[in-house]
1. For Gln12, which sequence-distant residues (separation of 5 or more, or a different chain) have an amide H within less than 5 Å of its own amide H, given hydrogens modelled in the peptide plane?
2. Can you compute 3J(HN,Hα) from phi for each residue in segment 78-88, using the Karplus curve 6.51 cos²θ - 1.76 cosθ + 1.60 with θ = phi - 60°, rounded to whole Hz and x for Gly and Pro?
3. Short version: ³J(HN,Hα) in whole Hz for each residue of segment 10-25, in order, from phi by Karplus 6.51 cos²θ - 1.76 cosθ + 1.60 (θ = phi - 60°), x for Gly and Pro, what are they?
4. Find how much the distance from Met1 to Ile101 grows on full extension, using 0.36 nm per residue of separation minus their present alpha carbon separation; answer in nm with one decimal.
5. Multiply the residue separation of Phe37 and Phe21 by 0.36 nm, subtract the distance between their alpha-carbon atoms, and state the gained length in nm to one decimal.
6. In segment 1-127, with Lys and Arg counted as +1 and Asp and Glu as -1 at Cβ, which of these residues, Tyr18, Ile101, Thr2, has the Cα nearest the positive end of the dipole, that is, farthest along it?
7. At 0.890 mPa s and 25 °C, plugging the Kirkwood radius over alpha-carbon pairs of segment 40-130 into Stokes-Einstein gives what diffusion coefficient in µm²/s?
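Read the figures in this text as sums done on the coordinates, not as results from a lab. Remember, it's a predicted structure, so these values are computed and weren't measured experimentally. FYI the Cβ positions are ideal-geometry reconstructions off the backbone, even for glycines, and counts take in every protein chain you see.
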Amino acid sequence: MTVFVFQTVLGQEDITYYVPFAAAVLLVSLGSDYNVFVVGRIWEEARRRPLRDAIAIAAPRAARAITVAAVALAGSFALLAVVPLGQFREFAFTMTAGVLIDSFIVRSLLVPALISVFGTAGAWPGGRLRNEGELEASPVNGRYRAAR
């Protein structure tokens, strides 16, 4: 996306060689941090209720905190564009776009979808998630109880 914006749209000849590498390292580490937060919330909720219900409850709760953090972080990175150097503008754009895409698309939609698809296999090797059959289908006082 950075190459498209800076070379095609803005007409720059090339982008600084280290910007994609630096941005990739930072975006992977930030994405891993957000991922641990979302998945941890889902696993915690899945101890008490079926996995799909846990995803429906925990993912939106975690998404709110991630969205606030991502908007603040994206704004901070966007401020780097004020520095009158091309490398800073490229890095600012890459990081801002990457953080927003990661928080709004990957962590809010893709991670819960993958957990739903892979089910309890996604908890390997810890086995933190319960199997759907281990819980009764009807809630008691807002919680599911273990089947006997």
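1. Counting only residues 5 or more places away or on other chains, the set is Gln7.
2. Whole-Hz 3J(HN,Hα) from phi for segment 78-88: 4, 5, 5, 5, 5, 5, x, 10, x, 4, 5.
3. Once rounded to whole Hz, the list reads 8, x, 5, 6, 7, 10, 5, 4, 8, 4, x, 5, 5, 5, 4, 4.
4. Numbers: separation 100, 0.36 × 100 = 36.00 nm, distance 1.12 nm.
Going from the current span to full extension adds 34.9 nm.
5. The span from Phe37 to Phe21 would gain 3.3 nm if fully extended.
6. Ile101
7. On the way: Rh = 14.6 Å.
So the translational diffusion coefficient is about 168 µm²/s.
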